[in-house]
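Peer 1: Quick one: the structure is below, questions incoming.
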Amino acid sequence: MDSRRVERRNVESLGDAIQLSSVFRAGGHTYALLSDMGAHKTVLSELPPTLGEEFGPLLKGGEAPAGTPLELDVGGKVEGYGVFEFPYGPVSWGVPEAGGFKLVTYGERVVKVIPQVNFKKRGVERSVVGRTPQDALLIIERSAGNFSASYSTCFLTAVEDYLGSEVPLKARWTRAAAIELERICNHLHVFGRLAETASQNIAASQANALRERVLRLNSKHFGHRYLFGFNTVGGVRPDLSREECKELSTAVRLIAREFSELVAYFLSSRIFLDRLQGTARLERGDALSLGAVGPAARGSGLLWDDRLTCPIDPYEDIYVNVETDAGEDTMARTMVRVREIESSTIVLREILDRMPGGGVKSGNRPKQQRDGDVLDDLALCRIESPSGDLIQVVQLDMQGRVSNLHVRPASLVNWLPFARSLESNVFTDFQFAFESFGLSYADSDR
Amino acid sequence: MPKIWVLRGLKKGVLTSRFPRAKPTSEEIPEHALPPVPTPQADWSAGEKECPTDAIRSEEKIIDMGLCVYCRRCSSAGFSFDEGAGGSSRALQASVTAHGKAGKPVFGRSLHVMMIDVGSCNACNLEVLNLSNPYYDLTRLGISFTNSPKHADALIVVGALNRAMVDVLRRTYESMPEPKLVVSVGACAISGGVFRGSEGFASPVQDVIPVDVTVPGCPPSPVQIIEGLLLATGRLKKETAP
């Protein structure tokens, strides 16, 4: 395990600036993975009994059986005159995925939201056990199609760390480029969905058109619209030439420029802004204690971005401007995403400008066998996926097959902050809050 | 300067695809959506060994496109993915099943479609959502999305059918009024794709409800989904496809 990125120490309780990120089992121990917001460090600790009980079922989500929907515990039961439960999903067009909610309401205001997950749990973590990393990759990158590059890069970085295999510089940089493209694409999607929800059809069409252009760039330069299969163990498939890098860079700049024009229109539309401002507030303290990640946390003023706080290779060399906003509402989360499209474009263009030469696949096969005891050994990687911090912990067995995988997706931990933010909001703001958190059932159910 | 959305919209011009009146362009059917074609030198047994989803069967010498996830591992065994390898029309992949309800001109030029996700990775969902973006604009073909199965003429099913969704899918199908069509989109819906062996997977969609048209792909491109919808309503015949 890379000691630069992860600190091993025992933590007894959660402090003001320590966030519980994940709980997992490896080699007979139960670990807690914590984010130290003050020191910007990832801390790995043996799980003390005082910690993680209430989060257990949520963070250890991989252990819940597939095939049965799960209601997340948002705490407390509300009863009273006129209070009823409004079921939503799993089939709906508002949330075009299989997943549901129970909205506890007495008419207009939402009292509580109880997310129902695991309608489409496939059991990715267990089904990759016993497969080679190359075979497991096919499943990993199809766990959440819209975050595919983050998933595959996270998994492969952990595997390669574990095996100690050499990965060419250019491959690492190409992976980072793919992750940034994915982020731009997803933020455009969120923007388009928000516009659609506010019935701003022209804004929605134009954001979707920009998104389609990014998808076509993905397919042209990385071989797949959703970046499946561009990653391989020890390298990447596409070998971007200088000209291709320049072409991609120009295309992305044009898209970003058109998007900023669109944003100027958006900011002058009172009708649009009214729907976002003051909607679904998530206070900073709640964001910290409930474990919010990604744009949702940054929209509440928490500074945590894996590109800055536990960077994988190229991000150590590249200046990433992490966007935060103290607004705490849907508008803040939207503006974080809007500014991240701009900052991602800058990062992506720098990656493309400075793309190193050389091969994209490692010549030497990774070591198939490891020496010594591997039981307590694990490799973990954190990647900033478009919706936030994605964590994967990998262990391989002596034959080089996956023996243990833990995935902590961003959407999983964002359910509780989302449910909290909606409390006492009006019913019709539901969709805005949902889209601004960037929640995906495929991501959280995996 | 006043910011007027409509003027901005007009200024952007027309982006929409010419399909189905013209052949889909290479941007509309990206490279990764082209199926594998065996070259004369293809080694079928090596292909079978490479294929992670058992789509290649060396004994019968067939590629089951319902299983293929377009991962391109078989390219090392002599299977080609080039556009030129098998003629241009092979980009269009949808096919009518033996159920026999597809292809009849029941719905004329209007169709109300609903999508149901039964356990996908979200990529197919997004490709279906993309159908309403300016590049594909389904409404120009008289096809529109609806929120309720009770208003739907056709059901698009995406994802590997999860055990938790079997009953939901059946009830959604039953609450649609007759006549009704079902289009299953993506390898996961048709066969389970890479999730065939996972614990959440129940069965292929056609084992639960009758499916009229299948659109293979992982995920299929929006144009291929449009083709599936047009095939289902009989507005596009396989032989006359552009």
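Peer 1: Could you work out, residue by residue across B:28-36, how many beta carbons of other chains sit within 10 Å of that residue's beta carbon, and then give the average as an integer? Present the calculation step by step, with values, prior to reporting the outcome.
Peer 2: Values: counts 1, 1, 8, 5, 11, 3, 0, 0, 0.
Mean number of neighbouring Cβ atoms from other chains: 3.
Peer 1: Where nothing but the Cβ of Lys and Arg (+1) and of Asp and Glu (-1) is charged, how large is the charge dipole of chain A around its Cα centre, in debye to the nearest 20?
Peer 2: Values: 52 positive and 59 negative charges, 232 e Å.
Here the size comes out at about 1120 debye.
Peer 1: Estimate the FRET efficiency between A:ARG253 and B:ARG18 by the formula 1/(1 + (r/R0)^6), using the beta-carbon distance for r and 30 Å for R0, to the nearest 0.05. Don't jump to the answer; show the numbers that get you there.
Peer 2: Details: r = 28 Å, r/R0 = 0.94.
The value I calculate is 0.60.
Peer 1: Please give the solvent-accessible surface of B:LEU181 in Å², to the nearest 10, using a probe radius of 1.4 Å with every protein chain present.
Peer 2: Its accessible surface works out to 10 Å², give or take rounding.
Peer 1: Specify which residue in the list A:LEU380, B:PRO52, A:VAL6 is farthest towards the positive end of the charge dipole of the protein assembly as shown, using unit charges on the beta carbon of Lys, Arg (+1) and Asp, Glu (-1), about the Cα centre.
Peer 2: Sorting the options by dipole projection puts first B:PRO52.
Peer 1: Any idea how far apart A:LYS361 and B:ARG170 come out in nm if each label point goes 7 Å out from Cα toward Cβ?
Peer 2: That separation, rounded to one decimal, is 4.7 nm.
Peer 1: Per the Kirkwood definition applied to all pairs of different Cα atoms, how many angstroms is the hydrodynamic radius of chain B? Don't skip to the answer; put the middle values down first.
Peer 2: Numbers: mean 1/r = 0.0534 Å⁻¹.
Every distinct Cα pair counted, the radius reaches 18.7 Å.
Peer 1: Let me ask something else. Calculate the translational D of the protein assembly as shown in whole µm² s⁻¹ from Stokes-Einstein, where the hydrodynamic radius comes from the Kirkwood formula applied to all Cα pairs, the temperature is 37 °C and the viscosity 0.692 mPa s. Could the numbers behind the result be given before it?
Peer 2: Numbers: Rh = 25.5 Å.
In µm²/s, the coefficient is 129.
Peer 1: Okay, moving on. Quickly work out the A:ASP317-to-A:PHE427 label distance, labels modelled 7 Å from Cα along the C-beta direction, and quote it in nm with one decimal.
Peer 2: Here the modelled spin labels are 5.6 nm apart.
Peer 1: State the number of lysine pairs found in chain B whose Cα atoms come within less than 12 Å, restricting to pairs 8 or more positions apart or on distinct chains.
Peer 2: Here the count comes out as 4.
Peer 1: Which of B:VAL194, B:VAL183, B:VAL157 moves most in a GNM of chain B, Cα contacts under 10 Å?
Peer 2: B:VAL194
Peer 1: Take every residue in peptide B:157-166, count the Cβ atoms of other chains within 10 Å of its Cβ, and give the average of those counts. Present the calculation step by step, with values, prior to reporting the outcome.
Peer 2: On the way: counts 0, 3, 5, 3, 1, 12, 6, 13, 7, 1.
Per-residue shielding by partner chains comes out at 5.
Peer 1: Right, next: Treat each spin label as a single point 7 Å out from the Cα along the C-beta direction, and report the A:GLU7 to B:ARG57 distance in nm.
Peer 2: 5.9
Peer 1: In addition: Hey, can you find the accessible area per residue of chain A for me, probe 1.4 Å, expressed in square angstrom? Can you show the working numbers first?
Peer 2: Working: 15240 Å² over 446 residues.
For chain A, the solvent-accessible area averages 34 Å² per residue.
Peer 1: If you take the beta carbon distance between A:SER268 and B:HIS151 as r and set R0 to 45 Å, what does 1/(1 + (r/R0)^6) give as a FRET efficiency, to the nearest 0.05?
Peer 2: Rounded to the nearest 0.05, the efficiency is 0.80.
Peer 1: What full-extension length gain, to one decimal in nm, is calculated for B:SER144 and B:LYS237 as 0.36 nm per residue of separation minus the Cα-Cα distance? All intermediate terms of the calculation are to be shown ahead of the outcome.
Peer 2: Values: separation 93, 0.36 × 93 = 33.48 nm, distance 2.10 nm.
Answer, rounded to one decimal: 31.4 nm.
Peer 1: Right, another one. Roughly how large is the B-A contact in terms of buried accessible area, totalled over both chains, probe 1.4 Å, nearest 100 Å²? Don't jump to the answer; show the numbers that get you there.
Peer 2: Details: alone 12380 and 17640 Å², together 25140 Å².
Adding both sides of the contact gives about 4900 Å².
Peer 1: Further question: Pull up the cross-link candidates among the lysines for A:LYS41, meaning alpha carbon to alpha carbon under 29 Å and not fewer than 8 places away within one chain.
Peer 2: Once the sequence-local lysines are set aside, what remains near A:LYS41 is A:LYS60, A:LYS170.
Peer 1: On to the next question. Give the Rg (one decimal place) followed by the Dmax (whole number) of the range B:95-233, computed from C-alpha coordinates and expressed in Å.
Peer 2: Over the range B:95-233's Cα set, Rg and Dmax evaluate to 13.7, 42 Å.
Peer 1: Name the residue farthest towards the positive end of the dipole of the protein assembly as shown from the options B:LEU230, B:GLY159, A:PHE418, assuming +1 on Cβ of Lys and Arg, -1 on Cβ of Asp and Glu, about the Cα centre.
Peer 2: The residue sitting most towards the positive pole is B:LEU230.
Peer 1: Counting only other residues whose beta carbon sits under 11 Å from that of A:GLY76, what net charge do I get with K and R as +1, D and E as -1? Intermediate values should be presented prior to the final figure.
Peer 2: Details: positive: A:LYS77, A:LYS112; negative: A:ASP73, A:GLU79, A:GLU423.
The answer is -1.
Peer 1: Further question on the same structure: Return the inverse of the average 1/r over all pairs of distinct C-alpha atoms in the range B:31-91, which is the Kirkwood hydrodynamic radius, in Å to one decimal. Kindly include the intermediate steps, with their values, before the conclusion.
Peer 2: Numbers: mean 1/r = 0.0880 Å⁻¹.
Averaging 1/r across every pair of different Cα atoms and inverting gives 11.4 Å.
Peer 1: At R0 = 30 Å, how high is the FRET efficiency between B:SER45 and A:ASP377 if r is their beta carbon distance? Nearest 0.05 is fine.
Peer 2: Approximately 0.20, to the nearest 0.05.
Peer 1: Sort A:291-304, A:126-139, A:386-399 for me by packing, meaning the mean count of neighbouring Cβ atoms within 10 Å per residue, highest on top.
Peer 2: A:291-304, A:386-399, A:126-139
Peer 1: Oh, and also: Within the range B:142-242, report the GluC sites (Glu not before Pro) that DSSP leaves as loop and that have at most 12 other Cβ atoms within 10 Å.
Peer 2: Details: sites: B:GLU174, B:GLU199, B:GLU227, B:GLU239; in loops: B:GLU199, B:GLU239.
Sparse-neighbourhood loop GluC sites (Glu not before Pro): B:GLU239.
Peer 1: Something else: How many partner chain Cβ atoms sit within 10 Å of a residue's Cβ in peptide B:198-205, on average, as a whole number?
Peer 2: Details: counts 10, 9, 15, 5, 2, 0, 0, 0.
Per-residue shielding by partner chains comes out at 5.
Peer 1: Once the other residues with Cβ under 10 Å from the Cβ of A:GLY438 are scored (Lys, Arg +1; Asp, Glu -1), what is the net sum?
Peer 2: Numbers: positive: A:ARG193, A:ARG333, A:ARG337; negative: A:GLU435, A:ASP443.
Summing Lys and Arg as +1 and Asp and Glu as -1 gives +1.
Peer 1: A follow-up question, please. When the Debye formula is applied to the Cα atoms of the range B:174-228, each taken as the same point scatterer, what base-10 log of I(q)/I(0) results at q = 0.19 Å⁻¹?
Peer 2: -0.70
The values are calculated or read from the model by the stated rules, or taken from the named source; none is laboratory data. Note that this is a predicted model, so its numbers are computed, not measured. Backbone-built Cβ (ideal geometry, glycine too); neighbour counts: all protein chains shown. These accessible areas exclude ligands, DNA and RNA; they are computed on the full protein's heavy atoms, side chains included. Shrake-Rupley method; radii C 1.70, N 1.55, O 1.52, S 1.80 Å.
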